1. Suppose R0 equals 60 Å; then what is the FRET efficiency for B:THR826 and B:ASP99 from their Cβ-Cβ distance, rounded to the nearest 0.05?
2. Hey, could you get me the Stokes-Einstein D for the range B:1-79, Kirkwood radius over alpha-carbon pairs, 25 °C and 0.890 mPa s, rounded to whole µm² s⁻¹?
3. Lys/Arg Cβ at +1, Asp/Glu Cβ at -1, dipole of the range B:592-647 taken about the Cα centre: which of B:LEU626, B:ALA615, B:PRO605 is farthest positive-ward?
4. Any idea what the relative contact order of chain A is, in percent, if you count C-alpha pairs under 8 Å spaced at least 6 apart?
5. Please list, ordered by chain and number, the residues whose modelled amide H lies under 5 Å from the amide H of B:GLY686; skip anything fewer than 5 residues away on the same chain.
6. Provide the packing ranking of B:520-526, B:64-70, B:542-548, B:658-664, i.e. peptides ordered by the mean count of other C-beta atoms within 10 Å per residue, highest first.
7. Points 7 angstrom from Cα along the Cβ direction at B:ALA675 and B:ALA223: gap in nanometres?
8. Average partner chain C-beta neighbours within 10 Å, per residue of B:819-827?
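Derivation of every value follows stated rules applied to the coordinates shown; laboratory data play no part. A quick note: this is a predicted structure, and the numbers were derived from the prediction, not measured. Heads up, the Cβs are rebuilt from the backbone with ideal geometry, glycines too, and the neighbour counts pull from every protein chain shown.
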Amino acid sequence: MKMLIVDDSKAMRTFLSSLAQPMHFAVTEAADGRDALDTMIKNDPREPYNIALVDWDMPRMNGLEFVQHIRRNRDFNEVKILMVTTSNSIERISQALEAGANDFLMKPVTKDNLAEKLQILGFEE
Amino acid sequence: MANNDALQQQLIKDLLVESAEGLDRFDREILAIEKGEGTTETPNIVFRVIHTIKGTSGCLGLNKIESVAHVGENLLSAWRDGKVEVSPEMTTALFAYSDALREMLRCLETTGAEGSADYSDLLQQLQDLLDTTATPAPEAPAAPAGFGLFEDEPGTNVPAPQPDAEPVAKTVAPAESDSPASKAPSAAASAIRVDVGQLDKLMNLVGELVLARNQIVQYSGQAKDSALIAASQRLNIITTELQESVMKTRMQPIGNIWSKFPRVVRDVAHELGKDVQLVMEGQETELDRTIIEAIKDPLTHIVRNSIDHGIEKPEARAAAGKKSQGNLVLRAFHEGGQVNIEISDDGRGIDIGRIKQKAIEKGIANHDQISRMSDREAFNLIFLPGFSTAEKVTNVSGRGVGMDVVKTNIERIGGSVDILSENGKGTTLKIKIPLTLAIIPALIVTSGGERFAIPQVSLLELVRLEAEQARKGIETVYGAPVYRLRGQLLPLVFLNQTLAGTSRERAGGSGFMQQQAHDTGDLFLKAREAHRNWLRKLRQVLEGTQTMTLEEAGSHTLCALGKWIYADGLKKFGAVPEMQALEKVHQHFHDAVKEVVAQKISENPVKAEAAFKRATNISRDVFNCLTNAEKRIVENQNINIIVLQADGRQFGLVVDGINDTEEIVVKPLGKQLKAITCFAGATIMGDGKVALILDVLGLAQHAKVISEVRDHALLDKEESATRIDNRQTLLLFDAGAGSRMALPLSLVARLEEFPRAKVENSGTQEVVQYRGQILPLIQVSKYVTTTRPSEPICSDPMQVVVYSEQGRSVGLVVSKINDIVQETVTVKREAAGNGILGSAVIQNKVTDLVDIPAIIRVAAPAFYENHSPAADSTPEMQAIL
């Protein structure tokens, strides 16, 4: 299973990555929406990403914009998008869900709440 | 959402840049495949290029580009997976395909929309290639589904392909999918994409910083604060480093624009049925991006031209004994702060005869000019507007852009272009361009109280002439001032007169200069005399033999020198500091004189004597001031000549003063001033004042030392050196009855005129006394056979060519000396015999070459008595034949 972690904070990426790897995800990191979009586009289509963990506030291209762009391309219909959010951005999350994000995860992220969301999205332990 | 719009624009811009690079890469790889140089990576690379375009355009909602890219992606993915074999049809179709994508992207760039062009034929062709060759793998159409495409399309069974795709992905995964994922972050860490506009802005700011630095450095030069001086030195060094670094960020390897040439060469060669191999050397040579942009089109044009006009078809090459494959070499290298680019082919070369003929036909030059032109000058004719030697306009090079546009474009960025060609062997174009345009080293000069900057690229040397030397060295040729620099005549342009619009007749010239210096000397002589006389008068006043009123004594304006100072001195040389000093000292002098007269009137001789002593002391200062002022003024009449080169020609620019070299930041002139050809721009100097940058070529044309239409370029030194071997200096003369003859100038000892009365007879031989010897005279017309009847020459005085060999001389009597020419002659020996070595075309006329030893042997056999000539003809003669 391939996972893309999109967050402008290096610490956050490292943390999420440390949670996801034991769950047998091959993790790639991206520093913002643009970076993530590039990584997705340039990825070998025979090995698609299965899920992307996406932060909301990022420079260059934010989480919502990333979702909007990625969903415009039918090639990326399959990838699950999990928005990572704080409680005060919860209202904006609905916009992302409308644009095509699959679910959201409230900060602080823990091993348990991440595992739970992944399970809901159809990823087996 | 406005914000979203800006993002979309940015994304499209990035797509355009990335795709352009990608498609160039795509072309290169396909070209390699065609040549059989492809690697196992090649299908991956080209697939990724198209895949990225498809992915990005999909995310941006560019559905048309996405769908076109999709078809190509299918074919390429089948190729990558080994399901399709590459074929010549396929590479050709793929080239057309990359062009189609480029076209759509260009359309997107210019109109903002994907355009309405129809590519269904091409796409069908690609589809057919996929279908026909992919038949052994019937599951191929299902393969894309496995990549996650079109899952939402009706009729596709989603779960079914999943297990199919899984094993494929697993087997390839470790080797293939690791790399793109791990590459992306690492590449992102070491390199970033920067907007070109941002770099331009940065360069502008650095330019401003350089100006500010220059100001601070100049200011701190006068300051005594050591801390300030140290800080400004640091600022100086850092600014220079910053400038270099920023400049470096704008540098791009020339390979960036060359990379499309393999494709251009392939296409053009295909179209014309030629076989051309392209060799590129020095692709890593770096240039400023504005310059890269500027030379892109000219270079493409030259490359097309070389293949179209230069390289022959394989059959023609074989017939000429050459390899059937033509060679086109692009070479770039740094040399002397400039970038050199050479484009050479081993084709048929330039037919000089045709060029000359064409020039005459088109009225670009007349017969006379053409005949005097060197080969190199003739080659350069092709750079003239409206000159094209192609008999018919071809699709390839006849696209309304002539070589004149190439030359103009290259010269616009301060470059130069030159052409060398050898008939049958090939042509080389040499382009020289500056590294950058924004900040250039320049020489600052003063003229008419204003400062001007001269770009150092056109600067050859500086010559300073003392006033005396200048008077002797500067001559006038047909009213134009020239200076003889190491034996070469250098036309002079007086900057202040040129800019003031003074006509050339009045400007410069030795007469003018002599007059000027003479006048100055005269003027000061008068001043000294006036003062001396006045002193004498004062002494008489002291001795009581003269009287003087107090008013007269105290006035510094009433005395003769005072009148001189205010009527002549200050008016003419008011700017000279010594002159201003003179005025003050002269006033002091009169203060002292007033005292003398006052004491005299009050009959106090002792005090009067003392005051007189003071006055004479000050008077000495008056003389000193006069001498110094004169010295300074004459010195100012020294001449500073800046030897400049424009369009291959040299001329001397005369300025008032030469200040220093400086790095200047070029600022364009406003559009009101753009039309003035003398200036290339402006710059801000250290003291905050503006100085104009001189456009050397424009200035030369304005001053008419270089004609605006380039009728002939200067032969350069190396060129003439290599040509010495096959060029001959020939003396042209009429032997009588209008027969044109020539002989090598090296055989001629002297040209003399003898009055007929001096001719005497010695036996049957006509002779004259010449330098204490007897010089036998030979009437050339008698001994050479020409078609015209020969008449005895009866001009008086007689024109005689003195020929010497082994200490003996003979005089050849001819009717008229015509000219001395330097030419490469091809001698036809058909007309040989009877005193003629052969004939050649010189100055477009058939001219006989005289065989002097043969004539002498017949006419004056005594000449060779005891001395047999070393050979039938002299070595000089042999050299021509």
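1. On the way: r = 49 Å, r/R0 = 0.82.
Working from the Cβ atoms, E equals 0.75.
2. Values: Rh = 13.4 Å.
My calculation gives 183 µm²/s for D.
3. Ranked along the dipole, the leading option is B:PRO605.
4. Numbers: 195 pairs, mean separation 27.4, N = 125.
That works out to 22 percent.
5. none
6. Working: B:520-526: 15.0, B:64-70: 21.9, B:542-548: 12.7, B:658-664: 16.7.
The peptides rank, most packed first, as B:64-70, B:658-664, B:520-526, B:542-548.
7. Rounded to a tenth, the inter-label distance reads 4.6 nm.
8. Details: counts 0, 0, 0, 0, 0, 0, 0, 0, 0.
Mean partner-chain Cβ count within 10 Å for B:819-827: 0.
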